[in-house]
Amino acid sequence: AHDAADPAEESPAPDLAGRPPRLGYVGHLYPGRGVEVLADLAERLPACEVHVVGGSQADLARWRASGPPANLVFHG
């Protein structure tokens, strides 16, 4: 192709039937970054999984010790 890109290949969409919706955040976990909003969202949407990637070890420990909802997953 003239822009040095190959045409996109058609691939079937993954079968997500029966799986809960997943929401994600990547970034710092210190106060003011909005993680508090995600924790509230996870409580209000128990049928969703909320995954958080990032944060220092101290921030992760603080959030994990705060008793987050089971659907709020901290990956570090």
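The values are calculated or read from the model by the stated rules, or taken from the named source; none is laboratory data. This structure is a prediction, so every number in the text was calculated from the model and none was measured. Note that each Cβ is placed from the backbone with ideal geometry, even for glycine, and that neighbours are counted across all protein chains shown. Side chains included, ligands, DNA and RNA excluded: accessible areas come from the protein's heavy atoms. Shrake-Rupley method; radii C 1.70, N 1.55, O 1.52, S 1.80 Å.
Computed quantities for the displayed model
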item: Phi-based couplings in Hz for region 62-75 (Karplus 6.51, -1.76, 1.60; Gly and Pro marked x); result: 4, 5, 5, 6, 6, x, x, x, 4, 8, 9, 10, 9, 9
item: Rounded FRET efficiency, nearest 0.05, which uses the C-beta distance separating Glu9 from Ala58 and R0 of 35 Å; result: 0.20
item: Chymotrypsin sites (Phe, Trp or Tyr not before Pro) restricted to DSSP loop in region 10-76 with at most 11 other C-beta within 10 Å; result: none
item: Nearest 10 degrees, 0 to 90: helix 35-44 Cα axis against the chain principal axis; result: 90 degrees
item: Viscosity 1.002 mPa s, temperature 20 °C, Stokes-Einstein D of the chain from Kirkwood C-alpha radius, µm²/s; result: 147 µm²/s
item: Per DSSP, loop GluC sites (Glu not before Pro) in the chain with at most 10 further Cβ within 10 Å; result: Glu9, Glu10
item: Carbon plus sulfur fraction of accessible area for the chain, probe 1.4 Å, in percent; result: 57 percent
item: Accessible area per residue in Å² at 1.4 Å probe, computed on the chain; result: 73 Å²
